[in-house]
Amino acid sequence: VAFAAQGCWIVWRLVRHRDASPWTMVASAFLVLALVAHPVVWDGAPGAYTRVALPLAMGVNVLLARDPRASWWVIALVNLSAIPGVALMLSFAW
């Protein structure tokens, strides 16, 4: 869900706002990279996807922080991937 929300947000920024800021370009490049990645990247727990798409998540969050009209539910959707990440870190800590 988080990946789809991040992808939709970036595509919306590119199409609707014609945003060419550096963070939009970085995030869109890593969106394309994640979409064409080999299935091995998506396998495993947590999988390499979390590392491949990290710049996408960072770019989306920077763009959301700069947007004064960003709603709370969009911010929550694009950051849903943080929940399993925190749970995984806590499982390794014990």
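The values are calculated or read from the model by the stated rules, or taken from the named source; none is laboratory data. Just so you know, these numbers come straight off a predicted model, no measurement behind them. The protein model used for the area step is the full one, side chains on, heavy atoms only, and it has no ligands, DNA or RNA in it. Shrake-Rupley method; radii C 1.70, N 1.55, O 1.52, S 1.80 Å.
So here's what we get for this one:
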| quantity | calculated |
| --- | --- |
| Span from the region 22-45 Cα centroid across to the region 1-18 one, whole angstrom | 14 Å |
| Value at 222 nm in deg cm²/dmol, rounded to 500, when DSSP H runs of n ≥ 4 in the chain each add -39,500 (n - 2.57) | -21500 deg cm²/dmol |
| 0 to 90° range, to nearest 10: angle between helix 22-35 axis and the chain longest Cα axis | 50 degrees |
| Choice from V26, V78, V15 with maximal GNM fluctuation in the chain (Cα, 10 Å cutoff) | V15 |
| With every protein chain in place, the chain: carbon and sulfur % of accessible area (1.4 Å) | 74 percent |
| Mean separation of Cα contacts under 8 Å (6+ apart) over length of the chain, as relative contact order % | 37 percent |
| Accessible surface, per residue, of the chain when the full set of protein chains is kept, probe 1.4 Å, Å² | 67 Å² |
| Equivalent ellipsoid dimensions for the chain as semi-axes, Å, which come from the Cα gyration tensor, largest first | 24, 17, 10 |
